[in-house]
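Input: a single structure, listed below in structure tokens.
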Amino acid sequence: MNNPVTDTARLLGAGLRALLALTLVTGVVYPLVVTGIAQGLFSDKANGSEIKSDGGVVGSSLIGQPYNLPLKEGEETPAADLKWFQGRPHNGLGANSVNTRYSILLSGATNRSGDNEELIQWVKDAKAAVVKENSVAGYTVEPEEVPADAVTSSGSGLDPHISPEYADIQVHRIAEKNGLPFAEVRKLVDARTEGRTLGFIGEPRVNVLELNIALRELVAKS
């Protein structure tokens, strides 16, 4: 004859043993094995794809960052520091609470359609700013030369890359602001332009942080 108390105790015991075994396997053994494999074979990626300069970590190759002047009194958004290469548009596009550029606590797109009047105006304003900021003595950026990534934010707002075309139209400004030969700055862009992954995935791109680190080293040498 079955004893309800004994049966209950047996089931509870079996349940506790299963809980302990699964906790050990999935909560201790599995994480340690995966972490060990990741550190052994892909330590750079496992640690956040860190970029180091002057002996310290300055960022990740996966997340962009702003290059701005200090925020002035009365400003809601700091102005771009034009001696550095700039990434995709500031604060996403326009004033919105979703695509806040490089704010890793909140990422996302503006979620506006291509024919949205507000989005269209943002893009027009962004293009006018790119033309103005990058036109210097002896070199004028034409509106049709401005690539899409110069006037639109990425879907996440965290994109660390720009297109080679966007980097190219910044070269004259960078050279002028830093007192460098145009050819030397142009070489920096060429040397850090990455091709398509496996030759066919994605688009050619330039990591802005890596480019600015190289620029800082060039300025120091000069």
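The residues of region 63-83 that are among the aliphatic types (A, V, I, L, M) and closer than 21 Å to GLU210 by Cα, listed by number, are ILE63, LEU69, ALA80, LEU82. Looking across GLY108, GLY74, GLY59, one residue alone is within 13 Å of the chain's Cα centre (by Cα), modelled with pLDDT of 80 or more and not polar (S, T, N, Q). It is GLY59. Any residue at all in region 186-208 that is touching a residue at least 40 places away in the same chain (Cβ under 8 Å) and among the charged types (D, E, K, R)? Scanning region 186-208, I find at least one residue that is touching a residue at least 40 places away in the same chain (Cβ under 8 Å) and among the charged types (D, E, K, R), so the answer is yes. Of the helices (runs of 4 or more DSSP H) lying entirely inside region 115-222, those containing at least 2 residues that are loosely packed, with under 14 Cβ neighbours inside 10 Å, of a type in the set (Gly, Ala, Ser) and assigned by TED's automatic domain parsing to the domain that holds GLY64 are 182-191. Selection of region 15-61 for residues being surrounded by 11 or more Cβ atoms within 10 Å (Cβ to Cβ) and not in a helix (DSSP H, G or I) yields PHE42, ASN47, GLY48, SER49, GLU50, ILE51, SER53, VAL57, VAL58, GLY59, SER60, SER61.
The values are calculated or read from the model by the stated rules, or taken from the named source; none is laboratory data. Keep in mind that this is a model prediction, so the values were computed, not measured. With ideal geometry, Cβ positions are generated from the backbone for all residues, glycine too; neighbour counts draw on all protein chains shown.
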